[in-house]
Structure formats: C-alpha cells, structure tokens
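Down below is the structure, laid out as structure tokens.
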Amino acid sequence: QVQLVVSGGGLVQAGGSLRLSCVASGRTFGRYIDWFRQSPGKEREFVAAVHWNGGSSYYADFAKGRFTISRDNAKNTVYLQMNSLKPDDTAVYYCAAGPSSFQSSKAGMDYWGKGTLVTVSS
C-alpha cells in the first residue's frame, strides 16, 4: 500500500514557476513515482518520473528543459519544479506510484494521489 499527498498548486502568470510536492508513505521502495496532468477535455498525460531509490528520471517532451523532477528520501517527498510555465500547462497535476520498471501509461500506475490544480494565466 502506498499513500500519496500532493500539494503546491496555484495560480501563476505565464513565465513563472511553481514547485509541486508529493509526500509518499508506505511501500515506496523500488518504485517509480510519476507525475501526470489532466487538462479539461483531455486525457491524463505523463509528465515526469523518478525512481524512488535514485538514478533514473524520465520526462515527456513538453517537460524537457522546463520541468525538473527530484526526490528527497529523508522527507519522503518527490518534487516537480516547473519553470517557464505556459497557459497550456494549466491542468490538474497528479502524483502516482508505479512499479519498479518505468511506466508512462496511467494504466500502469498502482496508486494515485489527489490532484492539485495549476493555473497559468497569460
């Protein structure tokens, strides 16, 4: 069992930054922690993933160069630092725990946290 608590969303102007946090508890060892997002009328899409034990991280093309995923095991937290935000980044952002191998599909996730809304104004 894994519990995920997400925070950090809000309203930001285009070009600004936000940092999302995902506090994880339970059986996180060896898993990937992923961030997804969902905009109104769109499918939930992969944003970034990091292995809980360190090392590998992955990004969607739209996130490369702007978003950074990181983890702090001492705080049981995975962060998503988002810079140079655009109005198209407006979405509900979710944290999810997947298996030990990297998955970018929402169907591959085992546990989900509640989302946090990020709104980017133009």
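The local environment of ASP34, defined by Cβ-Cβ distances under 14 Å, has a net charge of +3 under the rule Lys, Arg +1 and Asp, Glu -1. Mind checking which of THR77, ALA49, PHE102 is farthest towards the positive end of the chain's charge dipole, using Cβ charges of +1 (Lys, Arg) and -1 (Asp, Glu) about the Cα centre? It is THR77.
Could you tell me what percent of the accessible area of the chain is made up of carbon and sulfur, with a 1.4 Å probe and every protein chain present?
47
Remark: spin-label model distance ASN76-SER105 equals 3.0 nm, labels positioned 7 Å along the Cα→Cβ axis. Straight-distance candidates among the aspartates and glutamates for linking to LYS42, with alpha-carbon spacing under 19 Å and chain neighbours fewer than 8 residues away dropped: ASP34, ASP61, ASP88, ASP89. Of all lysines in the structure, those lying under 17 Å Cα to Cα from LYS64, and not within fewer than 8 positions of it along the same chain, are LYS86. Summing Lys and Arg as +1 and Asp and Glu as -1 over all other residues whose Cβ lies under 15 Å from the Cβ of GLY8 gives a net charge of +3. Once the other residues with Cβ under 14 Å from the Cβ of VAL23 are scored (Lys, Arg +1; Asp, Glu -1), what is the net sum? Around VAL23, the surrounding residues sum to +3. Can you give the percent of C-alpha pairs in region 47-122 whose distance is more than 21 Å? Percentage above 21 Å: 26. Given +1 at the Cβ of Lys and Arg, -1 at the Cβ of Asp and Glu and no other charges, the dipole of the chain around its Cα centre is 160 debye to the nearest 20.
Think of the chain as a dipole: +1 on every Lys or Arg Cβ, -1 on every Asp or Glu Cβ, centred on the Cα centre; then among SER121, SER21, GLY65, SER21 lies furthest on the positive end.
The distance between label points at ARG66 and SER25 comes to 3.4 nm (points 7 Å beyond Cα on the Cα→Cβ vector).
The values are calculated or read from the model by the stated rules, or taken from the named source; none is laboratory data. Computed from a predicted model, the values in this text were never measured in an experiment. Positions of Cβ are backbone-derived with ideal geometry, glycine not excepted, and every protein chain shown enters the neighbour counts. Note: accessible area is taken over every heavy atom of the protein model, side chains too, but ligands, DNA and RNA are not part of it. Shrake-Rupley method; radii C 1.70, N 1.55, O 1.52, S 1.80 Å.
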